[in-house]
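Asks: Below you'll find the structure I mean.
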Amino acid sequence: MRILFVIDQFARSRNGTTMTARRSAKALREMGHTVEVLTGMGDEEQGVYEMGIKRYPVLFRLTGAQGMYLAKNDENLLEEAIASADLVHCFLPFSLERKARRIAEAMGVATTAAFHLQPENITSTLLLARLSPLNEILYACFRRFYNRFEYVHCPSRMIEKQLMHRRYTAHTRVISNGVGERFRPMDVERPPRHKGKHIILMVGRLSREKRQDVLIDAIAQSPLEADIQLILAGSGPWEKRLRKKARKLTNPVEFAFFEQSDLIDVMNYADLYVHASDVEIEAIACIEAFACGLVPIISDSPKSATNQFAIDAVNRFKAGDPADLERKMRRLLKDEALREELSKRYIEYSAHFRLDKSMRALEAFFQSAYRAHEKSAA
């Protein structure tokens with residue numbers, strides 16, 4: 001198939017949607033498909049149509065802090081790219097994707113969409129997450145876009161249920177974004193600076209809804225505090241606030257953004273992985289961690305799909321509760337036998353989320369949508 005991805009930013013970025021799009025494009029090409037990309041910014045790569053990005057003063061700063069920029073619309077480029085496609089796949093519900101869908105519909109080209117952005121991510125960035133009516137307004141605005149599609153990809157069952165509850169009418173297909181084969185157990189020597197410490201890792205954008213603050217507070221009240229080394233892998237607008245909060249810990253928190261090979265090393269020598277986020281559509285980083293055998297402890301937030309990965313009660317803590325998180329961390333750090341047992345179970349469990357399996361499912365999703373479109377047109 002000739003598949004056109006439509007996404008505001010395809011250039012290398014630390015935001016999960018872009019990373020998913022890049023990984024999917026590469027995998028589908030390796031499977032024999034032609035994948036082109038329509039985007040605002042794309043590192044001038046082959047097969048990528050770039051239209052530039054919007055620079056509205058406040059919006060540009062807010063989206064940039066999250067590692068995402070909004071694309072301009074170039075109608076000529078849109079028409080040129082869409083005309084050669086069998087199917088157009090939209091990643092986000094913004095102006096570029098809306099324009100692409102309208103043009104594809106007018107040209108008779110099949111379309112699909114993916115739901116990668118929760119409204120709660122937007123309201124958290126604007127410090128308005130507690131305003132539930134605003135989240136519902138955004139879900140309603142997004143619904144007008146997604147209900148124009150017959151097929152929508154959902155990265156998790158949780159977000160599929162959220163959409164069905166809010167009267168989204170498209171046929172949904174739940175497909176994990178998938179984790180690469182490089183994420184697996186291996187013998188990695190712990191750096192000298194970390195020897196004798198309990199290493200706790202959390203990966204993700206440093207922003208309010210990810211709740212790294214809960215993890216810092218949990219460590220601060222632990223009897224094991226002086227022996228714990230926290231590593232926060234990521235970047236984002238909340239870094240300055242988190243650095244200030246982390247000053248109360250005995251061991252300075254390591255803030256870093258790792259290249260993939262280095263992240264795999266950390267996941268293989270760390271003792272625990274914590275995912276404290278209140279809002280999450282899937283959280284590939286958590287899957288990557290337990291695919292390496294690193295045992296997770298996950299927030300039970302109802303707006304986070306990540307808690308689906310908790311295979312035991314000790315792998316789940318009450319959202320926003322440092323005391324409960326501390327109890328779960330302490331139990332796993334002190335009970336090495338339990339940690340080793342759970343590690344083995346998680347390694348086996350990770351087979352369900354391997355990238356090759358996800359990409360075969362995504363390929364089937366695109367083929368189903370294309371056949372349905374051709375049948376309807378006939």
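Laboratory data are not the source of any read-out in this text; all were calculated from the coordinates shown. What you see is a predicted model; the values in this text were computed from it and never measured. With ideal geometry, Cβ positions are generated from the backbone for all residues, glycine too; neighbour counts draw on all protein chains shown.
Asks: So what is the relative contact order for the chain, in percent, with contacts set as C-alpha pairs under 8 Å and at least six apart?
Replies: Across the chain, relative contact order equals 14 percent.
Asks: Report, by chain and number, residues whose modeled amide H sits under 5 Å from the one on residue 174, excluding near sequence neighbours (fewer than 5 apart, same chain).
Replies: Those lying under 5 Å, H to H, from residue 174 are 154.
Asks: For the chain, modelled as a Gaussian network with Cα springs under 10 Å, which listed residue fluctuates most, 260, 229, 212?
Replies: Of 260, 229, 212, the most mobile in the Gaussian network model is 260.
Asks: Another question about this same structure. Quick one: helix 322-334 against the long Cα principal axis of the chain, what's the angle to the nearest 10°, folded into 0 to 90?
Replies: Between the helix axis and the principal axis of the chain, the angle is about 70 degrees.
Asks: What ranking of 111, 34 emerges when the number of other C-beta atoms within 10 Å of each C-beta is taken as an exposure proxy, fewest first?
Replies: By the 10 Å Cβ count, ascending, the order reads 34, 111.
Asks: From the helices alone, meaning DSSP H stretches of at least four residues, give me the mean residue ellipticity at 222 nm for the chain, per-run term -39500 (n - 2.57), in deg cm²/dmol to the nearest 500.
Replies: -13000 deg cm²/dmol
Asks: Given labels modelled 7 Å from the Cα in the Cβ direction, how far is it in nm from residue 308 to residue 145?
Replies: About 2.2 nm separates the two model spin labels.
Asks: If I model a spin label as a point 7 Å beyond the Cα along the Cα-Cβ vector, how far apart are those points for residue 26 and residue 190 in nm?
Replies: Simple spin-label model gives 3.0 nm for this pair.
Asks: Could you list the square roots of 5 times each eigenvalue of the Cα gyration tensor of the stretch 192-351, that is, the equivalent ellipsoid semi-axes, sorted largest first and rounded to whole Å?
Replies: Equivalent-ellipsoid dimensions as semi-axes: 20, 18, 16 Å.
Asks: Right, something else. Mind giving me the FRET efficiency for residue 83 and residue 241? R0 is 45 Å, r the Cβ-Cβ distance, nearest 0.05 is fine.
Replies: The computed FRET efficiency comes out at 0.40.
Asks: Here is a follow-up. Stick to Cα atoms and the Kirkwood definition of Rh, then tell me Rg/Rh for the chain.
Replies: Ratio of gyration radius to Kirkwood radius: 0.98.
Asks: With 10 angstrom as the radius, rank 338, 362 by how many other C-beta atoms surround their C-beta, starting from the fewest.
Replies: Ordered by Cβ neighbours within 10 Å, fewest first: 338, 362.
Asks: Under a plain spin-label model, where a point goes 7 Å from the Cα along Cα-to-Cβ, how far apart in nm are residue 262 and residue 220?
Replies: Rounded to a tenth, the inter-label distance reads 2.8 nm.
Asks: So how tilted is helix 16-30 from the main axis of the chain? Cα-based, degrees 0 to 90, rounded to 10.
Replies: Between helix and principal axis, roughly 60 degrees.
Asks: Explain nothing, just compute: Karplus ³J(HN,Hα) = 6.51 cos²θ - 1.76 cosθ + 1.60, θ = phi - 60°, for every residue of the stretch 81-91 in order, whole Hz, x for Gly and Pro.
Replies: Going residue by residue, I get 5, 6, 4, 9, 9, 7, 8, 10, 10, 9, 8 Hz, with x marking Gly and Pro.
Asks: Okay, moving on. Please arrange 137, 228 by how many other C-beta atoms lie within 10 Å of their C-beta, fewest to most.
Replies: Lowest count first: 137, 228.
Asks: Quick one: Karplus J couplings for the stretch 35-41, per residue in order, coefficients 6.51, -1.76, 1.60, θ = phi - 60°, nearest Hz, x for Gly and Pro?
Replies: 3J(HN,Hα) across the stretch 35-41, in whole Hz: 10, 10, 9, 10, 7, x, 9.
Asks: Just subtract the alpha-carbon distance of residue 345 and residue 181 from 0.36 nm times their residue separation and send over the number in nm, one decimal.
Replies: 57.3 nm
Asks: Relative to the longest principal axis of the chain, what angle (0 to 90°, nearest 10) does the C-alpha long axis of helix 260-269 take?
Replies: With rounding to tens, the tilt is 30 degrees.
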